[in-house]
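**Student:** Submitted below is the structure of interest, expressed as structure tokens.
The values are calculated or read from the model by the stated rules, or taken from the named source; none is laboratory data. Given the structure is predicted, the values throughout are model-derived calculations rather than measurements. No Cβ is skipped: glycine too gets one built from the backbone with ideal geometry, and neighbour counts run over all protein chains shown. Calculation scope for accessible area: heavy atoms of the full protein, side chains included, ligands and nucleic acids excluded. Shrake-Rupley method; radii C 1.70, N 1.55, O 1.52, S 1.80 Å.
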Amino acid sequence: MLFKNHILNGIADGTVSLAFRRWKQARVKEGSQLHTPIGLLEIGSVTVISELDINESEAICAGYSTPEELLKEIHSFSRDGTIYRIEVTRIGPDPREALREQDDLTDEQFLELHTRLKRLDNASSSGPWTAVFLKLIDGHPGVRAAELAAEIGWETEKLKLNVRKLKNLGLTISLGTGYRISPRGKMVMNKLGIE
């Protein structure tokens, strides 16, 4: 679930607490959490509504001046599906931000992280990829995902999904365009001899 920057800013300062989406089926569940540039968001209730249910107060809580402005935005994406009213709250910083700075791991912590990387490699139908990705990102910081994918013959969306797995371990950092290796990622690369 993506948000425009001005909506994220509103969620961060507490002026935005609702989101509306038109989907064929709900893509978020109550109680789920989302990693965003402003930190961790929690999804509250997810309710099916009609266009007529959206009043001015709710439009304002979603970051729009009027229901018409909000509906115009909703319609610009799709006219098919059901409209969902979604409560959103910022619950704190993204824990991956602190994780990516932790580059002084105990032997036990490093072994656990190395085991998780091996599991990712073993679960892949494309074969081992984690060291390839770390080396690729380290050698091409700030390069678009499509260009990175072309470099190694992967589909862009599959590459993005796997980079997210590395990010969840605190090994990479997403930039405005592309990625870079985090301090934690550099430490892992050094310990594994990835050059």
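**Student:** In whole percent, how big is the carbon plus sulfur part of the accessible area of the chain, probe 1.4 Å, protein atoms only?
**Tutor:** On the way: 5390 of 11310 Å².
The nonpolar share, carbon plus sulfur, comes to 48 percent.
**Student:** Now for a different question. Using only the alpha-carbon atoms, how far is helix 107-123 inclined from the longest principal axis of the chain? Give it as 0 to 90 degrees, nearest 10.
**Tutor:** Here the helix axis deviates by roughly 70 degrees.
**Student:** Let me ask you something else. Under 5 Å between amide hydrogens, which residues at least 5 positions from ASP94 or on another chain qualify, with H placed 1.01 Å from N in the peptide plane?
**Tutor:** Those lying under 5 Å, H to H, from ASP94 are GLY39, LEU40.
**Student:** Need one value: the accessible area of ILE181 in square angstrom, 1.4 angstrom probe, rounded to the nearest 10.
**Tutor:** 10 Å²
**Student:** Assigning unit charges at the beta carbon (Lys, Arg +1; Asp, Glu -1) and nothing else, what dipole magnitude in debye, to the nearest 20, does the chain show about its Cα centre?
**Tutor:** Using Cβ point charges on Lys, Arg, Asp and Glu, the chain gives about 580 debye.
**Student:** Hey, got a sec? Which trypsin sites (Lys or Arg not before Pro) in region 54-116 land in a DSSP loop and have at most 15 other Cβ atoms within 10 Å?
**Tutor:** ARG79
**Student:** I'd like the accessible area for LYS118, computed on protein heavy atoms only with a 1.4 Å probe and all protein chains in place. Round to 10 Å², please.
**Tutor:** Probe radius 1.4 Å; accessible area of LYS118 about 100 Å².
**Student:** How large is the accessible surface per residue of region 19-86, computed with a 1.4 Å probe and reported in Å² as a whole number?
**Tutor:** Value for region 19-86: 59 Å² per residue.
**Student:** Using Cα-only point scatterers and the Debye equation, what is log10 of I(q)/I(0) for region 66-195 at each q in 0.13, 0.20, 0.21 Å⁻¹, rounded to two decimals?
**Tutor:** -0.66, -1.11, -1.18
**Student:** While we're looking at this one, here's another question. Per DSSP helix of 4 or more residues, -39500 (n - 2.57); summed, then divided by the residues of the chain. What does that give at 222 nm, rounded to the nearest 500?
**Tutor:** Helices in the chain give a 222 nm mean residue ellipticity of -13500 deg cm²/dmol.
**Student:** For region 52-109, compute the orientation-averaged projected area of the C-alpha convex hull (one quarter of its surface), in nm². It would help to have the intermediate numbers written out before the result.
**Tutor:** On the way: hull surface 28.7 nm².
Result: a mean projected hull area of 7.2 nm².
**Student:** If you look at just the Cα atoms of region 1-100, how large are its Rg and its Dmax in Å?
**Tutor:** 13.5, 45
**Student:** Between region 1-68 and region 125-195, how many Å separate their Cα centres?
**Tutor:** 31 Å
**Student:** Please work out how much accessible surface SER76 shows to a 1.4 Å probe, ignoring ligands, DNA and RNA, in Å² rounded to 10.
**Tutor:** SER76 exposes around 80 Å² with every protein chain in place.
**Student:** Which residue, ILE173, PRO37, LEU120, has the largest displacement toward the positive end of the dipole of the chain when charges sit on each Cβ (Lys, Arg +1; Asp, Glu -1)?
**Tutor:** It is LEU120.
**Student:** Additional query: At a 1.4 Å probe radius, which order do ILE194, ILE137 fall into by accessible area, largest first?
**Tutor:** ILE194, ILE137
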